[in-house]
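Chemist: What follows is a single structure, and I will ask about it in a moment.
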């Protein structure tokens, strides 16, 4: 469990992490990524197509690799699965590094998309020392809960926010035995948690992005919460909120009520 809003260890991996992780999916600019490093961020999630993140990390890794955590992986193709070995070697070249800290099989939507062959390959990568830890990202909470109880993987990347709290029932109760790392994404539910939902009382406050991140990080079972700012200003606003510390119980109750109102809209989202 995480005992600090700012820093912790990524489960049983032994990897020390800053709890506000950085994604450059929305291309915030290289300056924003460098600024995140200056602010103390050390957990960076990147797809292979994230050219801004790749460029910055390749540059920074030349003088400082230890202490920075790179999380990336291979995409689930839905029909079959990719050549994980080829993808791993490609990611090593793309980021200019000899190893990857967290290598994930991304976008597993159902158990049959994660066959034993894929699991064995991930374990082999870890044994070879080319990756420090392995895991998956998935929306299938019950499947993650099963894998968590089995202790098969080191890290899970999953959806958790004020509107989607199902992990509290389907995943978090099973973490204690093997203590895998937990990385949460969609903290703002693609900004829905920052907009007035239908039937929300007129004049009652609306959460900020910072409150959405702090809600996730206040939960002790989450080690890292990803933020994907669109520009330097958003990044700085998120760090400013982050420095305010955990939410109070009153603020947590407010976020749950607001999250329930957002969830009840039942709108389609990714």
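The values are calculated or read from the model by the stated rules, or taken from the named source; none is laboratory data. Every value quoted in this text rests on a predicted model; they were computed, and no experiment measured them. Positions of Cβ are backbone-derived with ideal geometry, glycine not excepted, and every protein chain shown enters the neighbour counts.
Chemist: From the list 17, 56, exactly one residue is farther than 23 Å from residue 156 by Cα and not in a loop (DSSP other than H, G, I, E, B). Which is it?
Modeler: Just a single option satisfies the conditions, and that option is 56.
Chemist: I'm trying to understand the selection: among the residues of segment 39-50, which are over 20 Å from residue 10 (Cβ atoms) and surrounded by 14 or more Cβ atoms within 10 Å (Cβ to Cβ)?
Modeler: 48, 50 - these are the residues of segment 39-50 that are over 20 Å from residue 10 (Cβ atoms) and surrounded by 14 or more Cβ atoms within 10 Å (Cβ to Cβ).
Chemist: Quick one: which of 193, 226 is under 16 Å from residue 255 (Cα atoms) and either crowded, with 24+ Cβ neighbours inside 10 Å or touching a strand residue (DSSP E or B) at 6+ places or on another chain (Cβ under 8 Å) (or both)?
Modeler: Just a single option satisfies the conditions, and that option is 193.
Chemist: Does segment 200-209 hold any residues that are in contact with a helix residue (DSSP H, G or I) (Cβ under 7 Å, 6 or more places away or on another chain) and surrounded by fewer than 20 Cβ atoms within 10 Å (Cβ to Cβ), and which are they?
Modeler: Passing the criteria: 200, 206, 208, 209.
Chemist: Further question on the same structure: Only one residue in 181, 135 is under 21 Å from residue 14 (Cα atoms), buried (at least 23 other Cβ atoms within 10 Å of the Cβ) and in contact with a helix residue (DSSP H, G or I) (Cβ under 6 Å, 6 or more places away or on another chain). Which one?
Modeler: So the residue among 181, 135 that is under 21 Å from residue 14 (Cα atoms), buried (at least 23 other Cβ atoms within 10 Å of the Cβ) and in contact with a helix residue (DSSP H, G or I) (Cβ under 6 Å, 6 or more places away or on another chain) is 181.
Chemist: Now, a different point. What are the residue pairs meeting all of these: first residue in segment 250-270, first residue on the phi > 0 side of the Ramachandran plot and in a helix (DSSP H, G or I), second residue at pLDDT 95 or above and surrounded by fewer than 11 Cβ atoms within 10 Å (Cβ to Cβ), Cβ atoms under 6 Å, and 6 or more apart or on different chains?
Modeler: Short answer, once both residue conditions are applied: none.
Chemist: Please verify whether residue 36 is in contact with a helix residue (DSSP H, G or I) (Cβ under 9 Å, 6 or more places away or on another chain), part of a loop (DSSP other than H, G, I, E, B) and either modelled with pLDDT of 95 or more or surrounded by 15 or more Cβ atoms within 10 Å (Cβ to Cβ) (or both), treating the condition exactly as stated.
Modeler: So residue 36 does not fit the description; no.
Chemist: Let me ask something else about it. Suppose we filter 107, 96 for residues that are more than 20 Å from the chain's Cα centre (by Cα) and surrounded by fewer than 22 Cβ atoms within 10 Å (Cβ to Cβ); which single one remains?
Modeler: Of the residues listed, the single one that is more than 20 Å from the chain's Cα centre (by Cα) and surrounded by fewer than 22 Cβ atoms within 10 Å (Cβ to Cβ) is 96.
Chemist: How about segment 113-124: which of its residues are crowded, with 20+ Cβ neighbours inside 10 Å and touching a strand residue (DSSP E or B) at 6+ places or on another chain (Cβ under 8 Å)?
Modeler: Of everything in segment 113-124, those that are crowded, with 20+ Cβ neighbours inside 10 Å and touching a strand residue (DSSP E or B) at 6+ places or on another chain (Cβ under 8 Å) turn out to be 114, 122.
Chemist: Considering only segment 105-143, state which residues are assigned to a helix (DSSP H, G or I) and under 22 Å from residue 70 (Cα atoms).
Modeler: Residues satisfying the conditions are 118, 119, 120, 121, 122, 123, 124, 125, 126, 127, 128.
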